[in-house]
Structures are given as C-alpha cells and as structure tokens.
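Below you'll find the structure, written out as structure tokens, and then a few comments.
The values are calculated or read from the model by the stated rules, or taken from the named source; none is laboratory data. Because the structure is a prediction, the values reported are computed rather than measured. We place every Cβ from the backbone using ideal geometry, glycine too, and count neighbours over all the protein chains shown. Ligands, DNA and RNA are stripped out before the accessible areas are found, and what is left, the full protein with its side chains, is counted by its heavy atoms. Shrake-Rupley method; radii C 1.70, N 1.55, O 1.52, S 1.80 Å.
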Amino acid sequence: MNQTSTTLVINEGKTLNYLIPLIFCALGALISLVLFWPLGILFSAIAIILGLIETGLEFNPQTMEYRKYKSLFASKWGEWKKIPDPDSFHLRLSVESHTYRTYAMGASPNYYGNGNGRSTSKSITYDIMVKTKNEQWIILYEFLSYKLALNFVKHMRELESFEITDHIALKLEENQQKRMNRMR
C-alpha cells in the first residue's frame, strides 16, 4: 500500500519479543563453540540479531491504515490493516493476570507464590483502541509504556478529526476527586 510521509511512527524499542528463541540460540552458541565453533558463531549471530529486533506502531491518519511492525537495521515488516469507519479512539489500561502451578523441590519451603503451590503474574499494557461506527472495537497496539501511548494520543489530538478518550486520565481524575471529597 502506498504510504506517505504523514505516517505516524512510534517505536517501542527492543521489547525482547523473541526472548525464548534468543536464549536457546545463546545456549546453542555456548555449547557449539566448544564442540564445533563454526556452528557456534552462526548461533551467536542469530542470537544477536534476535536481540536487536525492535517493535512499534505505524499509523497513517489520512488512509486510516496501521501496522504493528518489527524492524531490524532500519527495515520494517508487518501487515498493513485498514480501519473501517472509525468513530473514536480510546486509551485504556489492560491488566491480565495468569495463575500457574509451582512445585517445590523436595521438602524445601515454597518461597514464591502464596504457599499452596500457585503463583500469579500480571501483565500491564496501555491499549490504543478504535471504536468503529458499527460498534466494533479494534486494538491498534498494546504499549508497554504509558508515555508512548500518550505520545500517540497527543498526535491524534492534533488532527482534531476524531474523538479521543484517555480512560486512564479520566480514572485518575475521578480517584483524585474522591480523595478530595474524603478529606472534607
């Protein structure tokens, strides 16, 4: 698709989306360097490349197309998608909690978790969402940084062509008002 210079690019940087393959390549490199050094050099190069991949969001407000991209050495790849009939843009906080089972080794106490063999982890993202005119929600990007998500919102507000709602700021204002009312 034809992308012009008005494309908004927000680079999230090295998010290590390929961390597990990177670790396996690094371990393979260490083992291979001892056993067969040319293969170890190849695994090392692959591990370095996996560590250098950056992610981000490209958005063209004129054509209403976006893509979640990955980049390496200034070349970007990712599929462009069109937003059908956008109505408004929203910034929301998303918290996902995952519970998993842990097993204690031998008779040692379970230092991690809540003592019953279950642990939880939370993932917090700042989601840029679009609500279309037919009430469909599309997630443009899940930022790990609130500052980057606000950067996108700031650029969209400059266009003044769509309603933009920052639900996080609204909730913070509401909480602050509640605190002020309690202090009276």
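Please determine whether any residue of the stretch 123-142 is within 15 Å of the chain's Cα centre (by Cα), over 17 Å from Glu96 (Cβ atoms) and open to solvent by 90 Å² or more (accessible area, probe 1.4 Å). No, the conditions are met nowhere in the stretch 123-142. Residues of the stretch 91-106 that are modelled with pLDDT under 70 and either within 22 Å of the chain's Cα centre (by Cα) or surrounded by 10 or more Cβ atoms within 10 Å (Cβ to Cβ) (or both): Thr102, Ala104. Is there a residue being among the β-branched types (Val, Ile, Thr), in a helix (DSSP H, G or I), open to solvent by less than 50 Å² (accessible area, probe 1.4 Å) and out of contact with any Phe, Trp or Tyr (no Cβ under 6 Å at 6 or more places or on another chain) anywhere in the stretch 147-154? Yes. Counting only strands (runs of 3 or more DSSP E) that fall entirely inside the stretch 1-77 and contain at least 1 residues that are open to solvent by 80 Å² or more (accessible area, probe 1.4 Å), the qualifying elements are 65-72, 75-77. With respect to Pro84, determine if the residue is without any contact (Cβ under 8 Å) to a residue 40 or more places away in the chain and either on the phi > 0 side of the Ramachandran plot or open to solvent by 30 Å² or more (accessible area, probe 1.4 Å) (or both). Against the criterion (without any contact (Cβ under 8 Å) to a residue 40 or more places away in the chain and either on the phi > 0 side of the Ramachandran plot or open to solvent by 30 Å² or more (accessible area, probe 1.4 Å) (or both)), Pro84 does not qualify. Look at the stretch 161-184: where a residue is farther than 25 Å from Asp85 by Cα and open to solvent by 80 Å² or more (accessible area, probe 1.4 Å) and a partner is part of a strand (DSSP E or B) and among the aliphatic types (A, V, I, L, M), sitting 6+ places away or on another chain with Cβ atoms under 8 Å, you get Lys171/Leu93. Applying a threshold of 8 Å to beta carbon distances and a minimum spacing of six or more residues, or different chains, the list of pairs starting in the stretch 1-28 at a residue that is among the charged types (D, E, K, R) and ending at one that is open to solvent by 70 Å² or more (accessible area, probe 1.4 Å) and at pLDDT 80 or above reads Glu12/Leu144.
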